Amino acid sequence: MDNRGKALDEKYRDFAHHYMAIGAPTFQKIRASAVAAGFGEKWARAKSYKLLDRTRVQQFIRAIRTNRLRKEVATADEVLSRMTSILRANPKDLVGEDDRLISLAQLPDDKVQSMIAGVKQRTRVAQGKEDGTVILESTLEYKLLDKIKVLEMLAKYHGLYEDDLRPKIEQNTTNNNLVLVGYPTEPMTLAEWARQVQELRAMRAAQEQLEAAQ
């Protein structure tokens, strides 16, 4: 690639970054991105929309999106790690030495993320019976994340439910094919797996015949 080609390629890269940074694509934003990348105002006003059809621009945009996904979207390991931290979190960590809930601002981020699903601040104004003194009472409430739900999800992931351990057959409504799902209870050969599938198919067929005869 000669110097002119390299310069144009760099402008394509700059355009992609400006375009993706600006937000929802409109004609005006395409033009603004082109100008910011070094294309002339007159050219950008008339032809900037064509940049989105250029192969190199599309490649740069895909690369930006892929990079964002890597940085912003949690991986499977991160999801499992977060679920585990929720399961192991101790609500006692939310209570201070005075037996009152610690304010959200004073809690470490990891405690907030692993335990708290919502916050309520209740304020009540009371008036003293004798001297009419106004008393302001404030109550803090935390809604905790559902550990039982997380436990169920992790149990399913590890295949701890008996129904999840046997190979199963499900009907694919798209093309009417049978789809095998589930986990084996132990290491087995492909032949043994196929034998269990055939057994399940026979059981299903017998059940369907029985239901049809009733």
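The values are calculated or read from the model by the stated rules, or taken from the named source; none is laboratory data. Only a predicted model underlies this, so the values are computations on that prediction, with no experimental measurement involved. Cβ atoms come from the backbone with ideal geometry, glycine included; neighbour counts cover every protein chain shown.
For the subset of the range 83-116 comprising residues that are in a loop (DSSP other than H, G, I, E, B) and among the small types (Gly, Ala, Ser), which member is nearest to the chain's Cα centre (by Cα)?
Ranking the candidates gives Ala89 first.
Before we move on, is Tyr142 part of a loop (DSSP other than H, G, I, E, B) and either at pLDDT 60 or above or not assigned by TED's automatic domain parsing to the domain that holds Gly118 (or both)? Explain how you work it out, then say what you get.
On the way: part of a loop (DSSP other than H, G, I, E, B): no; either at pLDDT 60 or above or not assigned by TED's automatic domain parsing to the domain that holds Gly118 (or both): yes.
Criteria not met by Tyr142.
Does Ser114 fit the bill of being surrounded by 10 or more Cβ atoms within 10 Å (Cβ to Cβ) and more than 24 Å from Arg4 (Cβ to Cβ)?
Yes, satisfied.
Got at least one residue in the range 1-20 being touching a Ser or Thr at 6+ places or on another chain (Cβ under 9 Å) and exposed (fewer than 12 other Cβ atoms within 10 Å of the Cβ)?
Among the residues of the range 1-20, not one is touching a Ser or Thr at 6+ places or on another chain (Cβ under 9 Å) and exposed (fewer than 12 other Cβ atoms within 10 Å of the Cβ), which makes the answer no.
Against the definition (assigned to a strand (DSSP E or B), of a type outside the set (Gly, Ala, Ser), more than 19 Å from the chain's Cα centre (by Cα) and at negative phi), how does Val57 come out, yes or no?
no
Kindly check whether there is at least one residue in the range 34-47 that is more than 30 Å from Leu140 (Cα to Cα), among the β-branched types (Val, Ile, Thr), surrounded by 12 or more Cβ atoms within 10 Å (Cβ to Cβ) and not assigned by TED's automatic domain parsing to the domain that holds Lys143.
yes
Could you list, in sequence order, the residues of the range 28-51 that are touching a residue at least 24 places away in the same chain (Cβ under 8 Å) and in a helix (DSSP H, G or I)?
Leu51 - this is the single residue of the range 28-51 that is touching a residue at least 24 places away in the same chain (Cβ under 8 Å) and in a helix (DSSP H, G or I).
Restricted to the range 39-54, and to residues that are within 13 Å of Ala16 (Cβ to Cβ) and more than 33 Å from the chain's Cα centre (by Cα), which residue is modelled with the lowest pLDDT?
Looking at the filtered set, the residue picked out is Ser48.
For Asp163, which of the numbered conditions (1) at pLDDT below 65; (2) assigned to a helix (DSSP H, G or I); (3) surrounded by 13 or more Cβ atoms within 10 Å (Cβ to Cβ) fails to hold?
Against the list (1) at pLDDT below 65; (2) assigned to a helix (DSSP H, G or I); (3) surrounded by 13 or more Cβ atoms within 10 Å (Cβ to Cβ), Asp163 comes up short only on (3).
Which condition from (1) in contact with a helix residue (DSSP H, G or I) (Cβ under 6 Å, 6 or more places away or on another chain); (2) at pLDDT below 90 is the one that Met83 breaks?
Checking Met83 against (1) in contact with a helix residue (DSSP H, G or I) (Cβ under 6 Å, 6 or more places away or on another chain); (2) at pLDDT below 90, the one that fails is (2).
Look through the range 64-80, keep the residues that are touching a helix residue (DSSP H, G or I) at 6+ places or on another chain (Cβ under 8 Å) and in a helix (DSSP H, G or I), and return whichever of them is surrounded by the fewest Cβ atoms within 10 Å (Cβ to Cβ).
Ranking the qualifying residues of the range 64-80, first place goes to Arg65.
Would you please list the contacts, defined by Cβ atoms under 8 Å and residues six or more apart or on different chains, that run from a residue in the range 69-85 that is under 15 Å from Met153 (Cβ atoms) to a residue that is of a type in the set (A, V, I, L, M, F, W, C) and assigned to a helix (DSSP H, G or I)?
Within 8 Å, the pairs are Leu80/Leu154; Met83/Val150; Met83/Met153; Met83/Leu154; Thr84/Leu154.
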